[in-house]
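A short write-up of the structure that comes next.
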Amino acid sequence: MKKFAFNPTRVLVAVSAMLLLVGIACSSTEEAVAPAAPVTEVSIPAAAVETKGYPRMPADDAVPQYGGTLNLPEFAVGKSHFDVLQHDGDGPTLDQTLNGYNLLVRLDPYDANAYGPELAERWVWSGAGTILTLHLRQDVNWHDGTPFTSADVAYTIERMINPKEGIISLRKGEWRQLVSVEAPDDHTIVIVLKQAQPDFLATMGGYSMQIVPKHLASPLDDKGEGMKFTVVGTGPFKLKDYEPDVSWQWEKNPDYFKSGLPYLDGLSYTLIKEEELRVAALRTGRLVLPYSVNEKGNRDLLKADPNINWVQTPQNRLFSLVPSVDMAPFDDIRVRQAAALTIDHNAWIEASRPILPFILKGAGFMPGSPWALPMDRLTAIPGYNYGADIVAERAKAAALVKEAGYEGKVKLTLIEPTFDYFEKGALITQEQLNLGPFDVDIEFVEFPQYVAAIEDTRTNQAVVHSMGLKFLTVDGSIGECCTSEGRRNFGRWGVKFDVPRDVDRQLDDLFNRQSRELDQAARMDMVHDYEELFLQQYYHIVLAYAAGESFWSKKLHNYWPHMLSYNSNFHEVAWLEQ
């Protein structure tokens, strides 16, 4: 069995280096504006520099073979369509569409230390880092044969920021610094920002920033439908046929602009929700990937199989209890703090270890990164002292809820989607909270009802949410997870929801200042201050981060699990032994 060794300490060091390197990677740039400090100026052990951060896909000396169809499982459906702008869960929207579309720049799917050009072949910064001129490729066509132009890019950005009636944009937060976007000719885009933003290009490399065709998207947006059921991209595969929530067939794009790619004839997805069935299908050769495998027994079976590769890697994915600050009981910070004090993180992780991959302690940015809040500052925040006497902590929690006016236990309901890993995480959290001054029920609903509760009706008292973040930068990761404008503000705090507190304005100001700061050390101090202040409000109560185990058939080549898990689903260079 080919095994890639995992050492938690070395991985955390590697993650630190990787997250620094992502900030300085800049391919095809004519004028570099305010690059991050070189790695050599940061105190990183030599071994971490030698590994170049997060481990890259091991070299594969085999000669790629053309042909074959990748048989893959789909296991999460519900609000299932193909418009990534309007959806932020699992399922075909995220698992599959990145094979049909391209990005302006892309984080390397096989080397998380770097990003490089894709639809934009080169770029120039000017105006002290506030003006970005992108020069686009001129050899790209949409799947229907229409030439790709700057008008498509300008329209894609416009629909993210100012969606038409009936279109829901989940990507507004990433464009908070935008002043304007112009297309002076068919192959040039000029983006003007309010302030310098060193993370901007790397954030654009997040896989949810797919570029769509204006000639199709605009009239469909006028109808309030968008690209939900129309898939015409520039990517390596074209959607051939599908039966909603049953199966999906993708075929090779013979006119793909990346010469010689893809190697595969196609991709075939079948809905297989049950983990045991996915594992069995992998072992019998009917699948080449099982995707999520959480049960320890299933993981052990695959590790012992000589036909399976496996590796354990950290992922930019966390589990959090997200209380809603606009309704009782969590409109009172004392109750939110009481919840944090009640949860025994050590016990939570031990309970999750056999059934979930969330085993890393930390909060704020990903543990092990220099951007993460230093452990001594984190453990000083009530509720994050991993070595505290939990009996004493729960006594403090009981006193807080009594001070807040609650007699006896505080009753509340968690609303959760019927996804296996959400259910398991919620049940562990419920058990923990019920050991303190809380009486917690869980309402399990289908995914569309869950989305409606947290986005439309806003009726959730709290959720326990698995957040697979889509970016590796500070602006992208913390911005998406833990800001008032962020996509994951399910607790509805801050100016965005018309319930601003002075501390919320302070958080917004601090985030904007770190975003434009060009001095690496000064910026890191600001990021740490932001994380500390955010966590002290208990807008998210972070339970654990993920270190997932990935498995794949030895017949599948050029595959490697990415720190941003959905990037692992980009198969333009994958190939199969015939």
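For this structure, a couple of remarks:
- Within segment 260-276, the set of residues being touching a His at 6+ places or on another chain (Cβ under 8 Å) and either of a type in the set (D, E, K, R) or not in a strand (DSSP E or B) (or both) comprises Pro262, Leu264.
- Within segment 452-479, being within 15 Å of the chain's Cα centre (by Cα) and closer than 26 Å to Ile442 by Cα holds for His465, Ser466, Met467, Gly468, Leu469.
- Residues of segment 459-487 that turn out to be touching a Ser or Thr at 6+ places or on another chain (Cβ under 8 Å), charged (D, E, K, R) and within 22 Å of Gly425 (Cα to Cα), as a count: 1
- A single entry from Val322, Val335 fulfils the requirement of being buried (at least 23 other Cβ atoms within 10 Å of the Cβ) and in contact with a helix residue (DSSP H, G or I) (Cβ under 7 Å, 6 or more places away or on another chain): Val335.
- Check on Asp326, charged (D, E, K, R), modelled with pLDDT under 95 and not assigned by TED's automatic domain parsing to the domain that holds Asn567: yes
- Here Lys240 does not qualify as in a loop (DSSP other than H, G, I, E, B) and out of contact with any Lys or Arg (no Cβ under 8 Å at 6 or more places or on another chain).
- Residue ID - surrounded by the most Cβ atoms within 10 Å (Cβ to Cβ), chosen from residues in segment 422-457 that are modelled with pLDDT under 90 and either small (Gly, Ala, Ser) or within 23 Å of Arg334 (Cβ to Cβ) (or both): Ala453
- Candidates Val401, Val463 - the one that is in contact with a Phe, Trp or Tyr (Cβ under 7 Å, 6 or more places away or on another chain) and in contact (Cβ under 8 Å) with a residue 60 or more places away in the chain: Val463
- Filtered by the rule that a residue be hydrophobic (A, V, I, L, M, F, W, C) and either surrounded by fewer than 23 Cβ atoms within 10 Å (Cβ to Cβ) or in contact with a Phe, Trp or Tyr (Cβ under 8 Å, 6 or more places away or on another chain) (or both), segment 201-238 gives Leu201, Ala202, Ile211, Val212, Leu216, Ala217, Leu220, Met227, Phe229, Val231, Val232, Phe237.
- Residue list for segment 243-257, filter: modelled with pLDDT under 95 and not in a strand (DSSP E or B): Pro244, Asp245, Val246
- Count of residues meeting criterion [of a type in the set (A, V, I, L, M, F, W, C) and in contact with a helix residue (DSSP H, G or I) (Cβ under 7 Å, 6 or more places away or on another chain)] in segment 290-319: 6
- Single match in Lys172, Lys194 (criterion: surrounded by fewer than 19 Cβ atoms within 10 Å (Cβ to Cβ), modelled with pLDDT under 90 and under 28 Å from Gln514 (Cβ atoms)): Lys172
- Of the residues contained in segment 537-557, none is found to be within 21 Å of Gln315 (Cα to Cα) and part of a helix (DSSP H, G or I).
- Against the list (1) within 30 Å of Ser553 (Cα to Cα); (2) modelled with pLDDT of 95 or more, the condition Phe319 fails is (2).
- Some residue of segment 488-503 being crowded, with 19+ Cβ neighbours inside 10 Å, aliphatic (A, V, I, L, M) and either on the phi > 0 side of the Ramachandran plot or modelled with pLDDT of 90 or more (or both): no
- Thr457 being under 22 Å from Pro367 (Cβ atoms) and in the same structural domain as Asp332 (by TED's automatic domain parsing): no
- Any chance Phe257 is surrounded by 23 or more Cβ atoms within 10 Å (Cβ to Cβ) and within 27 Å of Pro58 (Cα to Cα): no
Conditions (1) of a type in the set (Lys, Arg); (2) in contact (Cβ under 8 Å) with a residue 12 or more places away in the chain; (3) outside any helix (DSSP H, G or I); (4) touching a strand residue (DSSP E or B) at 6+ places or on another chain (Cβ under 9 Å), marked per residue:
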{"position": "Ile157", "(1), (2), (3), (4)": "no, yes, no, yes"}
{"position": "Pro163", "(1), (2), (3), (4)": "no, yes, yes, no"}
{"position": "Gly166", "(1), (2), (3), (4)": "no, yes, yes, no"}
{"position": "Gly173", "(1), (2), (3), (4)": "no, yes, no, no"}
{"position": "Val181", "(1), (2), (3), (4)": "no, yes, yes, yes"}
{"position": "Val190", "(1), (2), (3), (4)": "no, yes, yes, yes"}
{"position": "Gln195", "(1), (2), (3), (4)": "no, yes, yes, no"}
{"position": "Pro198", "(1), (2), (3), (4)": "no, yes, yes, no"}
{"position": "Ala202", "(1), (2), (3), (4)": "no, yes, no, yes"}
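- Check on Arg137, under 25 Å from Leu85 (Cβ atoms) and of a type in the set (Lys, Arg): yes
- Residues (surrounded by fewer than 20 Cβ atoms within 10 Å (Cβ to Cβ), within 13 Å of Leu543 (Cα to Cα) and among the hydroxyl-bearing types (Ser, Thr, Tyr)) located in segment 359-398: Tyr386
- Within the set Gly145, Gly166, the sole residue that is surrounded by fewer than 15 Cβ atoms within 10 Å (Cβ to Cβ) and at pLDDT below 95 turns out to be Gly166.
- Selection status of Val212, closer than 20 Å to Ala574 by Cβ, aliphatic (A, V, I, L, M), touching a residue at least 12 places away in the same chain (Cβ under 8 Å) and part of a loop (DSSP other than H, G, I, E, B): no
- Test for Glu295: is it of a type in the set (Asp, Glu), within 28 Å of Pro357 (Cα to Cα), touching a residue at least 24 places away in the same chain (Cβ under 8 Å) and assigned by TED's automatic domain parsing to the domain that holds Thr97: yes
The values are calculated or read from the model by the stated rules, or taken from the named source; none is laboratory data. Computed from a prediction, not measured in an experiment: that's the story for all the values here. Cβ sites come from the backbone with ideal geometry, for glycine too, and all protein chains shown count toward neighbours.
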